[in-house]
1. Taking the Cα atoms of region 577-695 alone, what are Rg (to one decimal) and Dmax (as a whole number) in Å?
2. Using the beta-carbon distance between Ala100 and Val193 and R0 = 45 Å, what value does 1/(1 + (r/R0)^6) give for FRET efficiency, to the nearest 0.05?
3. Using a simple spin-label model with points 7 Å from Cα along the Cα→Cβ vector, what separation in nm is obtained for Ala86 and Lys350?
4. Using 1/(1 + (r/R0)^6) with R0 = 22 angstrom and r between the beta carbons of Ala451 and Thr108, what's the FRET efficiency to the nearest 0.05?
5. May I ask you to derive the relative contact order of region 405-518, considering only C-alpha pairs under 8 Å and at least 6 residues apart, and to give it as an integer percent?
6. What lysines sit close enough to Lys232 to cross-link, taking a C-alpha to C-alpha distance under 17 Å and skipping anything fewer than 8 places away on the same chain?
7. Could you give the length gained by full extension between Asp439 and Lys394, i.e. 0.36 nm per residue of separation minus their alpha carbon distance, to one decimal place?
8. Could you tell me, in Å, what Rg and Dmax come out for the Cα atoms of region 67-174?
Amino acid sequence: MFGWLGRTVVRHPWWTIVIWLVAAAAAVALAPKLDTHSDQQDFLPTKYESVQAGKLADRAFPSGSTKVSNELMVVKRSDGQALTAADTQKIGQIAKDLQAKHVPGVTTLVTGPQTLSQNHKIQIVAVPLPTSWADEKLEKANETAVKKLRLAATPAFQGTGLHYGVSGNVSSTIDNAESDNKTMALIGIATVVLIIALILIIFRAPIAALLPIFVIGIVLEVSNAVSAIIGKAFDLKFDASFSQLILIVLYGIGTDYILFLLFRYRERLRLGEDKKTAMMVTVERVGEAIASAAGAVIIAFLVLLLAKFKSFGALGPQLAIAVGVMLITALTLVPAVVSLMGRAVFWPSKSWKTEPKASMYTRLGNAVGRRPLVTAVASGFVLIVLASAALGFKADYDFSAGQPQNTESAKALNDLRSSLPPGLTDPTEVYVQGNGRLDPQVLEQFRQKIAKADGVGQAQPAQLNPDKTVAKIGVVLKLNPNSNEAIDLVKGPLKDYVHQNAPPGTKVLVGGTTAIFGDINKVNTRDLSVILPVAVALIAIILALLLRALVAPVYLVVAVLLGFTATLGATVALFQGAEGKDGLMFQMPIILYLFVLAIGTDYNILMIARLREEAREGHEPRRAAAVGIQHAGPTVAAAGVILAGTFAVLVLSPMSFLAQIGFGVAIGILLSAFVVSTFFVPSITALVGHAAWWPGHADRAKNGVDPSEEPYELAGRPN
């Protein structure tokens, strides 16, 4: 199949390019706008209580009139001393003056002695803003309201000896948006520069360096268009926070596939083949490995459709589409373009003409071939030691802690938490739904019971909907509402306590951010327990079909799992151990699954395919391992460094979540490329010998010579 594809593309390059460009233009022209969401509650199944609470709030309180975003104006003295009675009076007057200005979107400002902290260090001016988890337009209006409130408040506080800062979900979004945009732009530029620089170092050819940037830029537009079309057809909800990952995946994996082609193309040119024959053979030889690698990645991504947390459920198809488009491009457009350019793709360098003698990978290959047992034990030991640290993994849901701490909202939040219950910024919401009108006295008794619950700082007075059939009670926790302790409290003891003490004849639902994260915690645990085994099984099937063997896929899957666990362990050791963080962001295991388990399989497939190819050339197992590392090692190393480098750029982000992803995926790719694929897999293959290919005997020599009869040589590969 790949031989036919190579011949067709190379013999008709212009037709291939025209057909590809027409199809790409049609997809972009016909695609609707890519639909993205940013609220985590959007991605939970409706059976979860926090989602049901959110939907009840939207039905019971028109326009989300009492489901509020608690934006808080945190006021303190500029000199850090306790607020005086005169200060408190002044704050109240400023709040009245600001309300009299009728700032668009701000209906009321609430303050008074009751909002003064016990240590008198701060006083709160509450700015309730109507919100709805299903109304993105309302969220944008709230952002505008906070911006205008800040503009009005700044002159109002000048000369008063008081300092203010607005904190809350909306203000935090505003403060971090500019930083996020600058960071993403920097990451995009750094990724492109890194790819160009590394390929220039490898090939010393500007055309080869620019080729991935040009091709992947087009593929990004096409894959986004196809994602939008499929997303609309199947009602997929794409998470806006993952958009940068799509770009990095395409640049990383796309560059990998192009490198696989260029390295093998250069090898064929060195053997004296003309430019068209060299590309035909390249597609025939490496096409199967690229297609199998992409197939494994696509299937691993599509397994995310089994995820109950729909953020990942949509991310999987979006990534699979991107990889699928890149695969088609790598086997059609790229060979067509390169076959037209021929040797010019490596211009002006002349190094493509001769293979370096006694290269580092020749020496490494010979070392592995001589001592496969030592190599397997040493590389396996490194992976197991790192993997052991994964036992200490803890999930963290506190996005605010991972954001820049020099913004107005972050500073105000820290001031608030130092003097008032941390949960004041984001109260847990308890909804009471009755069969008829609710009794205010019964609700008050219920509120008083909630106020006595463990971990509760205060329970706010019940708010009734217009027909008085639904009430909401805000519950302010003594804990940081995004902490693991608060999540465990809300999803366990507090929720049980509230349900047990619910007024007779009513239905009680617990909602709010903390409750949402509690449900996400449950969903993530379930998703990992389902996704990981299914993905491993499917990858094993792909490997078995590619290799036509049952033994090799077993230790390849073990190698991939070791690499995944070692990566998680290394990330835990750095961020939880060395940096002392409470945990890693809750998405990390799934993210590492996507990019380490899935993409790391690419390098194993490329290496094992080369080992089989060398065995077919007549080399016995240890010699095949040596020669396989000699020829596939540089390709795996170059691809690994570039892919790891594109993710490592994320470490530049001031957001802890992206920095964790950057480090985790980068170290995972490096482990996959330099430990698993270069040492562990070849050494195990050499030790297992011909049995690795049982029962298909895919290593049988093409020339009819029994590989076992060939003596092991330490010299370079014979021509």
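A short reminder: the numbers here are calculations on the coordinates, not readings from a lab. Everything numeric here is computed off the predicted structure, so don't read it as measured data. All Cβ positions, even for glycine, are placed from backbone atoms using ideal geometry, and neighbour counts span all protein chains on display.
1. According to the Cα coordinates of region 577-695, Rg and Dmax are 17.1, 55 Å.
2. It comes to 0.25.
3. 8.7 nm
4. On the way: r = 24 Å, r/R0 = 1.09.
Given R0 = 22 Å and the Cβ-Cβ separation, E is 0.35.
5. With pairs under 8 Å counted, the relative contact order is 34 percent.
6. Candidates past the 8-residue exclusion: Lys33, Lys310.
7. 11.9 nm
8. Taking only Cα atoms of region 67-174, I get Rg and Dmax of 13.8, 43 Å.
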